[in-house]
1. Classify region 1-114 from the C-alpha gyration tensor, please: rounded if a/c falls under 1.5, else prolate or oblate depending on whether a/b exceeds b/c.
2. Between residue 277 and residue 3, what's the calculated FRET efficiency when r is the beta-carbon distance and R0 is 41 Å? Round to 0.05.
3. Which distance in nm do the two modelled labels at residue 43 and residue 226 give, with both placed 7 Å along the Cα-to-Cβ direction?
4. Could I have the simple spin-label model distance between residue 236 and residue 258, label points 7 Å from Cα toward Cβ, reported in nm to one decimal?
5. What residue among 276, 8, 126 has its Cα farthest toward the positive end of the dipole of the chain, where the charges are +1 on Lys, Arg and -1 on Asp, Glu, each on the Cβ?
6. So what are the ³J(HN,Hα) numbers for region 80-86, from phi and the Karplus equation (6.51, -1.76, 1.60; θ = phi - 60°), rounded to whole Hz, Gly and Pro as x?
7. Residue by residue through region 122-134, what is 3J(HN,Hα) from phi via Karplus (6.51 cos²θ - 1.76 cosθ + 1.60, θ = phi - 60°)? Round to whole Hz and write x for glycine and proline.
8. So, with +1 on the Cβ of K and R and -1 on the Cβ of D and E, and no other charges, what is the size of the charge dipole of region 200-289 about its Cα centre, to the nearest 20 debye?
Amino acid sequence: MFEAKIENKKGNILTLSQNESDFQIIRITGLNPPNAQINTNNLAGIDGAKYNSSKLQTRQIVITLKLNGWGTRVEDNRQMLYRYFPTKEWCKFYFKTDNRDVYIEGYAETLEVDLFQQSQTMQIVILCPQPYFKAMDMIIDDISKVLKNFEFPFSINNDEPIPFSIIELNKITNVYNNSESETGIIIEIEVLNNVNKIEIRNIDTGESFILNYDFLPDDKIIIDTNRGQKSITLIREGITFNLFTAIQKGSKFFQLSLGDNFFSYLADEGSSDASVHIVFKYYTLYRGV
């Protein structure tokens, strides 16, 4: 059993499966791992070729629907789909099975139907520039962790404060990527006190991402390392600023490798580490469903 839905740019979601009074899914293609483009060079006097690079190509999802109903009902359903998914516009395709609940974003490329068939079928083609399906739930790893610290019995006359919980600042955290590919990450930094430099390190690769800026309390920094949408923004008093100029030369936009990824951080060379709160966010990526 599967469930298929499409969301348009207005946020309206249409369930395509289990909706047989209006239309019935005949076939969906483009759910398997996408084709790879392998780039090679032929060398004189050598058998075969030399590998240069490779990449996954864009994904094309093709949904074939049988339009149901009698008389003008078929025409109403067809025209409703025209209005719901205008070509060239953004859309999001959801697909759920017993094992996976995923989505992918794309653009409606074509909506084709043979008006002169007695039983009309429509073909919806969605072109997805990024070929990976994303898990519905975002994974969040927080460097600052609240640890329970209840202690019993305790004396009501004790002059010392009794902690019910404490915040532990872990200088090294493990971000585990359970995807079927490397993936980018969104790093959100909340500034608690004045900080002039923030450095995040990938312990495994030795790469660093360093920001030099006069950060103030309540500043929020968002770093997006996903390919095709890399950005860094500062939100201060409700106003958003582009912070690319604050990136120190040699900084790297991290990619999560498969499995374990260990990160650490420094604020003002380690003297103000408690002045920032850092959260890592990312999606599990799948090549197919």
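1. prolate
2. My answer for the efficiency is 0.65.
3. Placing both labels 7 Å along Cα→Cβ, they lie 3.9 nm apart.
4. 4.3
5. Farthest towards the positive pole: 126.
6. These are the phi-based 3J(HN,Hα) values: 4, 5, 4, 6, 6, 10, x Hz.
7. With coefficients 6.51, -1.76 and 1.60, one gets 10, 10, 9, 10, 10, 9, 10, x, 9, x, 8, 7, 10 Hz.
8. Taking the Cα centre of region 200-289 as origin, the dipole is about 520 debye.
The values are calculated or read from the model by the stated rules, or taken from the named source; none is laboratory data. If you're wondering where the values come from, they're calculated on a predicted model, not measured in any experiment. For neighbour counting, all protein chains shown are included, and Cβ atoms are generated from backbone atoms with ideal geometry for every residue, glycine included. With ligands, DNA and RNA removed, areas are computed over all heavy atoms of the protein, side chains included. Shrake-Rupley method; radii C 1.70, N 1.55, O 1.52, S 1.80 Å.
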